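First up is the structure itself, then whatever we jot down about it.
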Amino acid sequence: MPIPNRFLNFIKKPFVQAFSIFLVIVFILVIVADSLVMPIIAGSFTSETVVPDVLGLEKTRAEQILTDADFNFEWLAEGRYSSDVPAGHVLVQVPVPGRKAKEGRTILLTKSKGIREVEIPDLRGKSQRQAEISLTRAGLIQGRIIKGAHLSIPRGVVIRTNPSAGKLVRMGDTVNVVISAGETTGKKPLPQFEGLLLEEVFQKLEALGFVVGDVVRQKGADGISGTVLEQSPKSGDYLPAGTKIDFVIVD
């Protein structure tokens with residue numbers, strides 16, 4: 001059925017076209033207001049409350065407290081190691097405790113994975129320096145160096161560790177290393193003389209069969225005159241009788 005010319009002429013009039021455009025704009029604004037503006041207006045009337053402190057709490061307890069305070073919560077997938085907060089407890093929360101937030105807001109939580117444990121590496125056959133590097137890379141600290149006699153393991157090579165290789169310990173723990181002194185038949189371990197007066201050292205050296213070597217006096221050093229500051233060779237070395245021991249003492 002053909003559209004009457006009178007109607008076509010009517011809708012072509014400027015005021016009719018302007019009114020039609022106006023209706024389209026109003027329709028668009030209504031949609032925008034419904035989807036964007038109204039939620040903002042509604043949210044402005046939502047009450048705020050103080051975010052409760054759930055740091056250090058066990059997972060279930062923390063969730064219950066947040067729920068009772070009308071907050072949502074979300075656990076971040078990656079936990080973090082901590083030496084202070086037990087595994088499974090809240091390590092971090094965002095927003096922080098005490099801050100005001102709107103009811104229904106999601107509180108982000110990070111769970112503690114507890115103390116990180118590492119495995120003591122097998123250091124057998126390594127030199128003392130290599131052992132120290134391996135322990136550092138594993139997050140451990142080299143402790144005492146203990147020298148022990150061994151018929152087959154060359155001098156200066158690691159025999160074992162204490163605690164032993166493969167054991168799980170906390171990151172940052174100290175591991176003592178036993179180093180081979182090699183074949184020690186006819187040899188004696190050199191004691192620690194640092195901190196003693198040289199007069200006392202003379203008697204001990206004579207009893208062990210060692211001989212005093214060079215003695216260097218260090219001016220300006222703290223301590224009583226004659227106190228041993230350094231010795232060479234170092235304590236723990238297995239040495240044959242008659243070996244000369246050098247000293248640096250307080251002047």
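Using a simple spin-label model with pseudo-atoms 7 Å out from Cα toward Cβ, residue 67 and residue 164 lie 4.8 nm apart.
In order along the range 109-126, phi translates into HN-Hα couplings of 10, 10, 8, 6, 9, x, 6, 6, 9, 10, 8, 5, x, 7, 9, 4, x, 8 Hz, rounded to whole numbers, per the Karplus curve 6.51 cos²θ - 1.76 cosθ + 1.60 with θ = phi - 60° and x for Gly and Pro. In a Debye calculation with equal point scatterers on the alpha-carbon sites of the range 118-251 and no solvent, what is log10 I(q)/I(0) at q = 0.11, 0.18, 0.21 Å⁻¹? Ignoring solvent entirely, the Cα scatterers give -0.51, -0.95, -1.06. Taking each of 126/147; 147/219; 188/219; 167/234; 113/147 in turn, the alpha-carbon distance tops 26 angstrom for 147/219; 188/219; 167/234; 113/147.
Of the listed peptides 126-139, 105-118, what is their order by residue-averaged count of other C-beta atoms within 10 Å, with the highest listed first? Intermediate values should be presented prior to the final figure.
Details: 126-139: 15.1, 105-118: 17.0.
The most tightly packed comes first, giving 105-118, 126-139.
For the range 159-216, the set of GluC sites (Glu not before Pro) satisfying both a DSSP loop assignment and a count of at most 16 other C-beta atoms within 10 Å is given as 183, 194. Only one residue of 178, 133, 164 has its Cα farthest out toward the positive end of the dipole of the range 117-180, where Lys and Arg carry +1 and Asp and Glu -1 on Cβ, and that residue is 178.
With a ≥ b ≥ c the root eigenvalues of the C-alpha gyration tensor of the range 55-166, is it rounded (a/c under 1.5), prolate (a/b larger than b/c) or oblate?
Numbers: a/c = 5.17, a/b = 4.53, b/c = 1.14.
Prolate is the answer for the range 55-166, as a/c is 1.5 or above and a/b outweighs b/c.
FYI, it's all coordinate maths here, none of it is from the lab. Everything numeric here is computed off the predicted structure, so don't read it as measured data. All Cβ positions, glycine included, derive from the backbone under ideal geometry; neighbour counts span all protein chains shown.
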